[in-house]
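Worksheet for the structure shown next.
The values are calculated or read from the model by the stated rules, or taken from the named source; none is laboratory data. Since we're looking at a predicted model, the values are computed, not measured. In this analysis, Cβ positions are derived from the backbone assuming ideal geometry, glycine residues included, and neighbour counts consider all displayed protein chains. With ligands, DNA and RNA removed, areas are computed over all heavy atoms of the protein, side chains included. Shrake-Rupley method; radii C 1.70, N 1.55, O 1.52, S 1.80 Å.
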Amino acid sequence: MKLALAQTNPLVGDIAGNTEKILAFIARAKEARADLVIFPELSIVGYPPRDLLLKEGFVKANTKALERIVAAADAIAVVVGFVQPNESGVGRALFNAAAVCANRAIVNVHHKSLLPTYDVFDESRYFEPDPTVRITRLPLGGREARLGVSICEDLWNDAQFSDRRIYGRDPISEIARTGADLLINISASPYSQGKQKFRIDLFGRQIAQQRLALAYVNQIGGNDHLIFDGASLYFALDGRAVAQAKAFAEDLLIIDTEAPRTARFEEYPSEVGEVYEALVLGTRDYVRKCNFTDVVMGLSGGIDSAVTAAIAVAALGPQHVHGVALPSRYSSPHSLADARQLVTNLGVELREISIEPPHRAMEQVLAPLFAGRPPDVTEENVQARLRGNILMALSNKFCWLLLTTGNKSELSIGYCTLYGDMCGGLAVISDVPKTLVYRLARYVNEQAGRDLIPASSITKAPSAELKPNQTDQDTVPPYELLDAILHRYVELEQSVSQIIAEGFDPAVVKETVRRVDQSEYKRQQAALGLKVTSRAFGVGRRMPIAARINYD
């Protein structure tokens, strides 16, 4: 039989628009003479719909849209994700469902069995799990196909990859025992660095064990903080991935199950390239799906703002990116020169607005109140907040979305100013450690074949330039050391003693951890950030603010 894997980019809640997209992909699959076209998880409503699922009218509109898709299932079969009401009167009110449609009718409906409640997921808030699995028999490609349809998490329960299994069931083994000859998995699997390799290893081992071919279809696109990378896959019976759709782009991948190795296998980006592509996609979709056309950002001449600007230009085009230099008396001449060179290289306009007049005015206003107290970080933060105020004024006046430029290392330890450099609507690199920011900068220049990001922005010592001769390392450990500790504490959830046991200086570890815990109140007031690591700040890391954390 001939399969079409349709990885689409839905807009959450846009049932009409998503349905039109699905119908267009069905038409393309028909033109390719596919027997079956498969769409991602919850593709009618977009993933994750969150509390839209609590609105009865939203659920009804989704089932109404399914009728249009069913009507298009003539001369082709369709598997599509949707929300199905649970009419039993027991359990949660909804199912995360996949409809199998053929001959303008719904042949079968499959429900998700395993509902994730870790990291960014909270599916048991809305859905009832299905305690059973079933197969769908359909005449496809001149024979009866026995389809085992699963949904995302159902495929993520292999004991070989975890010391402790989360679930007591293995739906894939159950499907295999029903006599299915093709496993279908419709997914909305969020991106994180290195995840595609893990998927291929995880799925491949299960497929080889069950001797059951797999068609895995993943959503693409940015929906709020989450980015979906697509890269849908087809696995042969031996567990080898023999076909792969494009990463970070919509695609229709055609596979002949009698000769699957003849299908396309699109190359996945490199280790740094995948992060870059994810950030570009996440930025583009957040801006456009929130009905903005342009963005504005402060350009300091430093590496963080330079990388953010390069991502924004790749996402939106230079004509839609507005840079603002906001020098003060402490700004070095090379910083402004680097900002000017950056915008010249990227083709972006630059406005230069000195903060010196409002800075002096604030000093005069505060001088009587601060009399007798030596200058400290307060005076530094005043400058950051003046910059934030000016950028927000431009954002308001011209309807430009303000991008913040802080990285994960800074956000982790609170090396940022509330209502200052944290102002904005989207924190593009807030889940990118500083050491990875440098790698991204070099990647941007390598891909361009020239220095889009000025070399001096990469080589000079990083500085907030809020007082004379300041560098980050005055108050922050070297970033290679800091990021190594943060990775262990934030992403791996290691304890202080575990990190110290790996050879790190106890005083540095304890101070870093103290700053991470103490800065939670800042992070929960930060702009929404794009998730690219396995453990990002935001909805996937739910820590208390008013707390005293005194355990090891």
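Among the residues making up segment 459-495, those that are among the charged types (D, E, K, R), modelled with pLDDT of 80 or more, assigned to a helix (DSSP H, G or I) and surrounded by fewer than 19 Cβ atoms within 10 Å (Cβ to Cβ) are Glu480, Glu491.
Considering the conditions (1) open to solvent by less than 10 Å² (accessible area, probe 1.4 Å); (2) aliphatic (A, V, I, L, M); (3) part of a helix (DSSP H, G or I), Leu411 is excluded by exactly one of them, (1).
Residues of segment 49-69 being touching a strand residue (DSSP E or B) at 6+ places or on another chain (Cβ under 7 Å) and closer than 15 Å to Ala27 by Cβ, which ones? Within segment 49-69, just Ile69 meets the criteria.
Return the residue satisfying two criteria in turn: it lies in segment 207-250 and is surrounded by fewer than 20 Cβ atoms within 10 Å (Cβ to Cβ) and acidic (Asp, Glu), and of such residues it is modelled with the lowest pLDDT. Only one residue tops the list, namely Asp238. The residue that is nearest to Asp472 (Cα to Cα), counting only those in segment 358-377 that are open to solvent by 90 Å² or more (accessible area, probe 1.4 Å) and outside any loop (DSSP other than H, G, I, E, B), is Arg360.
Would you call Val539 of a type outside the set (Gly, Ala, Ser), more than 27 Å from Phe121 (Cα to Cα) and open to solvent by 20 Å² or more (accessible area, probe 1.4 Å)? If you could, list the steps in order and put the result at the bottom.
Values: of a type outside the set (Gly, Ala, Ser): yes; more than 27 Å from Phe121 (Cα to Cα): no; open to solvent by 20 Å² or more (accessible area, probe 1.4 Å): yes.
In short, no.
Considering the conditions (1) modelled with pLDDT of 90 or more; (2) over 18 Å from Ala213 (Cβ atoms); (3) surrounded by 21 or more Cβ atoms within 10 Å (Cβ to Cβ), Asp122 is excluded by exactly one of them, (3).
Can you go through Ala105, Ala72 and tell me which one is surrounded by fewer than 17 Cβ atoms within 10 Å (Cβ to Cβ) and more than 24 Å from Ser173 (Cα to Cα)?
So the residue among Ala105, Ala72 that is surrounded by fewer than 17 Cβ atoms within 10 Å (Cβ to Cβ) and more than 24 Å from Ser173 (Cα to Cα) is Ala105.
Just checking, does segment 314-335 include any residue being part of a helix (DSSP H, G or I), in contact with a strand residue (DSSP E or B) (Cβ under 8 Å, 6 or more places away or on another chain) and of a type in the set (Ser, Thr, Tyr)? Among the residues of segment 314-335, not one is part of a helix (DSSP H, G or I), in contact with a strand residue (DSSP E or B) (Cβ under 8 Å, 6 or more places away or on another chain) and of a type in the set (Ser, Thr, Tyr), which makes the answer no.
Checking each residue in segment 252-283 for being touching a strand residue (DSSP E or B) at 6+ places or on another chain (Cβ under 9 Å) and assigned to a helix (DSSP H, G or I) picks out Pro260, Arg261, Thr262, Glu274, Glu277, Ala278, Leu279, Leu281, Gly282, Thr283.
In the set (1) assigned to a loop (DSSP other than H, G, I, E, B); (2) within 26 Å of the chain's Cα centre (by Cα); (3) farther than 21 Å from Cys290 by Cβ, Tyr47 fails one condition alone, (3). Just one of the numbered conditions (1) of a type outside the set (Lys, Arg); (2) assigned to a loop (DSSP other than H, G, I, E, B); (3) more than 18 Å from Ala249 (Cα to Cα); (4) open to solvent by 10 Å² or more (accessible area, probe 1.4 Å) is not true of Asn9: (3).
Answer yes if at least one residue in segment 22-37 is of a type in the set (A, V, I, L, M), open to solvent by 10 Å² or more (accessible area, probe 1.4 Å), at negative phi and in a loop (DSSP other than H, G, I, E, B), and no otherwise.
At the first step, the residues of segment 22-37 found to be of a type in the set (A, V, I, L, M) are 22-24, 26-27, 29, 32, 34, 36-37.
With open to solvent by 10 Å² or more (accessible area, probe 1.4 Å) added as a condition, the list becomes 23-24, 27, 32.
Cutting the leftovers down to at negative phi gives us 23-24, 27, 32.
Filter once more, so that each one left must be in a loop (DSSP other than H, G, I, E, B): 32.
Within segment 22-37 (the criterion being of a type in the set (A, V, I, L, M), open to solvent by 10 Å² or more (accessible area, probe 1.4 Å), at negative phi and in a loop (DSSP other than H, G, I, E, B)), the answer is yes, since at least one residue qualifies.
For segment 130-159, the set of residues classified as within 14 Å of Val83 (Cα to Cα) and at pLDDT below 95 consists of Asp130 only. Residue-level check: of (1) open to solvent by 50 Å² or more (accessible area, probe 1.4 Å); (2) among the hydrophobic types (A, V, I, L, M, F, W, C); (3) assigned to a loop (DSSP other than H, G, I, E, B), Leu115 misses just (1). Tally up the residues in segment 163-185 that are open to solvent by less than 10 Å² (accessible area, probe 1.4 Å) and closer than 17 Å to Leu202 by Cβ, please. Adding up the residues that qualify gives 6.
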